[in-house]
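First the structure, in the form of structure tokens, and then the observations on it.
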Amino acid sequence: MIPKVFKEVIDLGDGREISIETGKLAKQAHGSVVVQSGKCMLLCTVVSNYRQADVDFLPLTVDYREKFAAAGRYPGGFFKREARPSDGEVLTMRLVDRVLRPLFPKDYHSETQVMIQLMSHDDDVMPDAMAGLAASAAIQLSDFPFECPISEARVGRINGEFVINPTRAQLLESDIDMMIGASADSVMMVEGEMDEISEEEMTEAIKFAHEAIKVQCAAQVKLAEAFGKKEVREYEPEREDADLAQKIHDMAYDKVYAVAQAGSAKHERSAAFGEIKEEIKASFSEEEQEDFGGLISKYYSKAEKAAVRDLTLNEGLRLDGRKTDEIRPIWCEVDYLPSTHGSSIFTRGETQALATVTLGTSREANQIDMPSYEGEERFYLHYNFPPFSTGEARPIRGTSRREVGHGNLAQRALKGMVPDDCPYTVRVVSEILESNGSSSMATVCAGTMAMMDAGVQLKKPVSGIAMGLISDADSGKYAVLSDILGDEDHLGDMDFKVTGTADGITACQMDIKVKGLSYEILVNALKQARDGRLHILGKITETIETPNNEVKDHAPTMVSRRVPNEFIGALIGPGGKVIQEMQKETETTIVINEDPVTEEGIVEILGVGSKGIDAVMAKIDAILFKPEVGSVYEVKVIKMLDFGAVVEYVEAPGNEVLLHVSELAWERTENVSDVVNMGDVFDVKYFGIDKRTRKEKVSRKAILPKPEGYVERPPRDNNRGRDNRGRDNRGRDNRRDDRRPRGDKKED
């Protein structure tokens, strides 16, 4: 039976469309859609168990995968099968998860899975920009308890004009690359990188994307209505007890307020809050504690959150005693690790990052091999968050999605300041040693200093700050918090991180937890973030004002040299013999790449100190050496032969040529050693290729004066002794008898 298909089309302008279709594929899933733009097709399926899991959170898994078959390619590696997700796929998962998760009810704990798969790829369509739309559209067709449709869109700006979902080629010309997630009413998530734009420009970009998202949300509603919107499933909600909640609030609020007002350090504050919680628990009998289960802890957390928020809104004070716009104490240090190419420590309050820089050739570039994109990164940053940084002991199971996301944010913040002509591949690694509030922004600051310490000529230093927001819709009060603590991240209404130079924003990440946040508040928050960012930037430049002019003595120096393609073979040698011996002898690393534009070879030479690099450059000069006809060159005898001497050009060692015995002197030379000996250095004249021998010809005698009375020998007559008919002087006919093939025998 032919399935009934339901479809909605969204017009993006410029002849581009996005279609949402359901009814044909994956019908046993609780919701499924195919989202298509051009040849790009995403299949999204959603499933949620009908039984609540025995946990106090939503076990939501968002999975995004790109199939290599979608681009007509095979997976790389030995096993020709898609394996663990790439960093690019992980980042897309995080973008979708951050928008979906807050829209499920707080007491919905059923295991839920959202799977998004790239099934067909189009080079002109970036699939990650449609992943949020696909996920939300599939959920709208399900019976999940979900607040409202959302969507995500990428916005770029080319020549001052905003563009929705630009192509990868268009992004190369854009000074903005931002992903915005929103419902029809509220912006919920912002993440991206910019070319030093202002706070107002960033806000305008968000507004532009939100208008496009409203259209995409309306299309989802139409599709669900046409398909037949299912009744929202019933589930067992969490137990609530209003009287108990009020009782615990009354018992905890004032005590928590007093502790928060004292402005103590993290461990002292946590211990004090813990004592209040235990006192409240102890006030209940064992039977009551068993009966109420986790409600006591739940309601205590609500009371604690309310007290801390009220302290900030009423008195402008925070948990650690700071004012709303005050930055924690900062201290920095560079060149801390003696053996790294560059290092720095950035400490802000109870957050500390130790960054290292390693310099390498293009061979060390980070290779990206995804169905939707193939390329390499010459600058990349890795972020590590060990459990000891928060005083915890927990299993270490590889790189987490959070580590990938935080590292990517810091990388996007810094990469625009690495100059295009930087000869190195630059790897920055941030080790978080302490964490209580925005270790990703500490990574940006530490990464800036470490690269400057390593001698990377950054265009401008970059700093970053994490901001928070506490607001009260009823009273209209709000407070923007600079340099938030970990606790303030959880209790606030907005968590946003902003990085930039003194001239503008380079990257941002924003999660907005309240509906209808006004753009006026957003702009004010961004401006306060700018003040904090500049304060931190001042601390960085006090430590290291400008990049070091040279790399460290133990760090490699990179020199690049362009070589015509015709000489690349000679430089590499048979089976790589020449280049391998050169690297071994000079203790350097040599990498050769081809420039497709100029059709030249780019030779990268990496070595510690100048001795090895100079030796490689001399070898290249020797390979490229081309003597000019008529020019005089200094040569050295390196081999003696009966019929001449082998000499090499002094300015191009390794370039050898035969100096024939007849070209040593004007006088007749019986023995080569009568004129020259091993190691002698003298001048010769270059005559190019000899027509008779078809070999290069040089002459010593050509630059010597002729002896007095010297008489040139007459040229040799090759026809001497033959008459005009080809007979020699003995009467024999040496001409070939063309009537009989050569080699035939006469018959007897």
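The table below gives the values:
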| item | result |
| --- | --- |
| Restricting region 388-429 to residues that are over 15 Å from residue 507 (Cβ atoms) and hydrophobic (A, V, I, L, M, F, W, C), the residue that is surrounded by the fewest Cβ atoms within 10 Å (Cβ to Cβ) | 393 |
| Selected residue [in a helix (DSSP H, G or I) and surrounded by 11 or more Cβ atoms within 10 Å (Cβ to Cβ)] from 621, 683 | 621 |
| Filtered residues of region 541-552 (kept if touching a residue at least 40 places away in the same chain (Cβ under 8 Å) and surrounded by fewer than 10 Cβ atoms within 10 Å (Cβ to Cβ)) | 549, 550 |
| Residue among 429, 514 that is more than 16 Å from residue 544 (Cβ to Cβ) and either assigned to a strand (DSSP E or B) or out of contact with any strand residue (DSSP E or B) (no Cβ under 8 Å at 6 or more places or on another chain) (or both) | 429 |
| Residue count for region 129-166, restricted to those that are of a type outside the set (S, T, N, Q) and over 30 Å from residue 231 (Cα atoms) | 11 |
| Filter pass, residue 235 being closer than 30 Å to residue 145 by Cβ, surrounded by 15 or more Cβ atoms within 10 Å (Cβ to Cβ), touching a helix residue (DSSP H, G or I) at 6+ places or on another chain (Cβ under 7 Å) and of a type in the set (Phe, Trp, Tyr) | no |
| Count - residues of region 553-569 that are surrounded by 14 or more Cβ atoms within 10 Å (Cβ to Cβ) and either closer than 19 Å to residue 594 by Cα or of a type in the set (Phe, Trp, Tyr) (or both) | 7 |
| Qualifying residue in region 341-364 (condition: without any contact (Cβ under 8 Å) to a residue 40 or more places away in the chain and either assigned to a loop (DSSP other than H, G, I, E, B) or surrounded by fewer than 18 Cβ atoms within 10 Å (Cβ to Cβ) (or both)) | no |
| Test: residue in region 701-711 that is surrounded by 10 or more Cβ atoms within 10 Å (Cβ to Cβ), modelled with pLDDT of 85 or more and either closer than 29 Å to residue 582 by Cα or touching a strand residue (DSSP E or B) at 6+ places or on another chain (Cβ under 8 Å) (or both) | yes |
| Residues being touching a Cys at 6+ places or on another chain (Cβ under 7 Å) and part of a loop (DSSP other than H, G, I, E, B) - total across region 124-143 | 2 |
| The lone exception for residue 151 - which of (1) among the hydroxyl-bearing types (Ser, Thr, Tyr); (2) outside the structural domain of residue 17 (by TED's automatic domain parsing); (3) not in a loop (DSSP other than H, G, I, E, B) it fails | (2) |
| Residue in region 156-163 that is closer than 15 Å to residue 127 by Cα, in the same structural domain as residue 34 (by TED's automatic domain parsing) and not in a strand (DSSP E or B) present | no |
| Check on residue 573, farther than 23 Å from residue 341 by Cβ, within 27 Å of the chain's Cα centre (by Cα), surrounded by 13 or more Cβ atoms within 10 Å (Cβ to Cβ) and not charged (D, E, K, R) | no |
| Flag if residue 606 is in contact with a Gly (Cβ under 9 Å, 6 or more places away or on another chain), touching a residue at least 60 places away in the same chain (Cβ under 8 Å) and either surrounded by 17 or more Cβ atoms within 10 Å (Cβ to Cβ) or outside any strand (DSSP E or B) (or both) | yes |
| Total residues in region 570-603, condition within 16 Å of residue 618 (Cα to Cα), aliphatic (A, V, I, L, M) and either part of a loop (DSSP other than H, G, I, E, B) or at pLDDT below 85 (or both) | 1 |
| Condition met for residue 507 (closer than 30 Å to residue 458 by Cα, surrounded by 20 or more Cβ atoms within 10 Å (Cβ to Cβ) and modelled with pLDDT of 90 or more) | yes |
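The values are calculated or read from the model by the stated rules, or taken from the named source; none is laboratory data. Values in this document were obtained by computation on a predicted structure and should not be read as measured data. Don't worry about glycine lacking a Cβ; one is built from the backbone with ideal geometry, like all the others, and counts go over all protein chains shown.
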